[in-house]
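Worksheet for the structure shown next.
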Amino acid sequence: MSNGEVFTDIAARYDRLNSILSLGQDQKWRNTVVSRLPSGALLDVGAGTGAANEIFGDREVVALDPSLEMLALNDARHRVVSVGERLPFDDDTFDAVFSAYVFRNLTSVDATMAEIARVLRPGGVAGIVDLGRPVGRIASKVHRFGSSVVLPIAGMAVGAKEEYVYLNGTLDKHPPPEQLLSNTPLSLIETWRLGPLGFVWAALLQKPV
């Protein structure tokens, strides 16, 4: 099953289940990043059904996602079907780029970060929040065991066991953000941890002026 097929199949129930699995904290975690982004034109990479739209304020938002079915449920004014590795925009177009719970599903983080750097204006900021494993051997083992049980059960509850088994596997795909984002055209400003055991990570990066 490809990344696109996973999210197409669960589009209608994706946000609701994410909210349940995060104990209702997923929007709060998004906002810790959005609140640090500049105003102006914002690109939402992997926008999905538009869960973050209500916290973008008066920014001019372009929602981008590879799943047409997900974007069909997104009420953003500007919606574009594409992937992070190939952004169909001119250089220096956006003041900010935001991405939530997407990076572990990318085909290439390096290609996506290069594209984000290209479309950001000088001084622009990219904010990312995603799921991963906690730092520390014991915490990581506890979390790995818990997610291997909880995610398939949650998927079964909505008829999407295979999709959420896949999502559980993506938690082991990447190293911590400090390593994952250390070699990009953007300057890594800050990273921080959220959620139980710190299994949610967030990062801010800036394009040099």
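The values are calculated or read from the model by the stated rules, or taken from the named source; none is laboratory data. This is a predicted model, so every value here is computed, not measured. Note that we place each Cβ from the backbone using ideal geometry, even for glycine, and neighbour counts take in every protein chain shown.
Observations on the structure shown:
- Looking only at segment 76-112, and only at residues there that are of a type in the set (V, I, T) and over 14 Å from the mean Cα position of the chain (by Cα), the one that is nearest to T184 (Cα to Cα): T93
- Whichever residue in segment 61-117 is under 22 Å from P208 (Cα atoms) and in contact with a Pro (Cβ under 8 Å, 6 or more places away or on another chain) and, among such residues, is surrounded by the fewest Cβ atoms within 10 Å (Cβ to Cβ): D92
- Subset of segment 118-135 [assigned to a loop (DSSP other than H, G, I, E, B) and buried (at least 24 other Cβ atoms within 10 Å of the Cβ)]: none
- Leading residue by the ranking (surrounded by the most Cβ atoms within 10 Å (Cβ to Cβ)) among those in segment 190-209 that are more than 16 Å from P175 (Cα to Cα), at pLDDT 95 or above and of a type in the set (A, V, I, L, M, F, W, C): L205
- Checking each residue in segment 24-73 for being assigned to a loop (DSSP other than H, G, I, E, B), at pLDDT 95 or above and of a type in the set (S, T, N, Q) picks out S35, S39.
- Within segment 71-105, the set of residues being within 23 Å of Q25 (Cα to Cα) and among the hydroxyl-bearing types (S, T, Y) comprises S99, Y101.
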